[in-house]
Amino acid sequence: MSSLVRHVTFDCSDAYALARFWAGALDGSLADDDHPGDPEALVTAPGTALLFITVADAKTVKNRVHLDLQPQDRTRDEEVERLLSLGATVAGDHRNPDGTGWVTMADPEGNEFCVERSAAERKA
């Protein structure tokens, strides 16, 4: 039997606060025992689990690994607006006039992720 990914882990300055952002972004939930000030927090969402660990070091360079999000029940542009309202920022806009492309965003601690077109938009 091969290994499988149990969760993707993020080093961060405030595990609970960043986990709350990602729980909102992914329509996930925090573990019942996660509380403000905890040194780690776990988000479970359909198809994934994200673990956040508080570390002393601040983020200083571009991520070597990032998440690509694909909206399931809204368009890419609607998802970008929703994520902005949760506290994300746009780091790079790679949308094309023909509707293709993606948006690179950053979570509240500056970790980059991308928002792609929904499956429905890819079929259109």
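The values are calculated or read from the model by the stated rules, or taken from the named source; none is laboratory data. Source: prediction; values computed, not measured. Cβ: placed from backbone, ideal geometry, glycine included. Neighbour counts: every protein chain shown. With ligands, DNA and RNA removed, areas are computed over all heavy atoms of the protein, side chains included. Shrake-Rupley method; radii C 1.70, N 1.55, O 1.52, S 1.80 Å.
What do you reckon, is residue 108 in contact (Cβ under 8 Å) with a residue 60 or more places away in the chain and either surrounded by 14 or more Cβ atoms within 10 Å (Cβ to Cβ) or within 16 Å of residue 11 (Cα to Cα) (or both)?
So residue 108 fits the description; yes.
Of the numbered conditions (1) without any contact (Cβ under 8 Å) to a residue 12 or more places away in the chain; (2) within 26 Å of residue 120 (Cα to Cα), residue 5 satisfies every one except a single condition; which is it?
(2)
Within the stretch 109-124, restricting attention to residues that are in a loop (DSSP other than H, G, I, E, B) and in contact with a strand residue (DSSP E or B) (Cβ under 6 Å, 6 or more places away or on another chain), which residue is nearest to residue 17 (Cα to Cα)?
Filtering the stretch 109-124 for residues that are in a loop (DSSP other than H, G, I, E, B) and in contact with a strand residue (DSSP E or B) (Cβ under 6 Å, 6 or more places away or on another chain), the one nearest to residue 17 (Cα to Cα) comes out as 109.
Need the failing condition index for residue 73 against (1) of a type in the set (Asp, Glu); (2) under 21 Å from residue 118 (Cβ atoms); (3) touching a Leu at 6+ places or on another chain (Cβ under 8 Å), just the number.
That leaves (3) as the condition not met.
Kindly provide the set of residues from the stretch 111-124 that are open to solvent by 40 Å² or more (accessible area, probe 1.4 Å) and aliphatic (A, V, I, L, M), ordered by number.
Scanning the stretch 111-124 gives 119, 120, 124.
Applying the selection to the stretch 38-66, what residues are within 25 Å of residue 116 (Cβ to Cβ) and open to solvent by less than 40 Å² (accessible area, probe 1.4 Å)?
Within the stretch 38-66, 43, 45, 49, 50, 51, 52, 63 meet the criteria.
Go through (1) open to solvent by less than 70 Å² (accessible area, probe 1.4 Å); (2) under 14 Å from residue 26 (Cβ atoms) for residue 73 and report which single condition fails.
Just one mismatch for residue 73, condition (1).
Within the stretch 15-37, can you find the residues that are over 27 Å from residue 76 (Cα atoms) and surrounded by fewer than 18 Cβ atoms within 10 Å (Cβ to Cβ)?
31, 32, 33, 35, 36, 37
Hand me the list of strands (runs of 3 or more DSSP E) wholly inside the stretch 23-108 holding 1 or more residues that are over 25 Å from residue 120 (Cα atoms).
Of the strands (runs of 3 or more DSSP E) lying wholly inside the stretch 23-108, those with at least 1 residues that are over 25 Å from residue 120 (Cα atoms) span 40-45, 48-54.
Can you report the number of residues in the stretch 1-16 which are part of a helix (DSSP H, G or I) and within 13 Å of the chain's Cα centre (by Cα)?
The number of residues fulfilling the criteria is 0.
Can you spot a residue in the stretch 54-65 that is in contact with a helix residue (DSSP H, G or I) (Cβ under 6 Å, 6 or more places away or on another chain) and at pLDDT 95 or above?
yes
When the residues of the stretch 83-103 are filtered to those that are under 28 Å from residue 14 (Cα atoms) and free of Cβ contacts under 8 Å to residues at least 24 places away in the same chain, which remaining residue is surrounded by the most Cβ atoms within 10 Å (Cβ to Cβ)?
Among them, the one singled out is 91.
Is there a residue in the stretch 50-65 that is over 11 Å from the mean Cα position of the chain (by Cα), within 27 Å of residue 6 (Cα to Cα) and of a type in the set (Gly, Ala, Ser)?
Looking through the stretch 50-65, at least one residue is over 11 Å from the mean Cα position of the chain (by Cα), within 27 Å of residue 6 (Cα to Cα) and of a type in the set (Gly, Ala, Ser).
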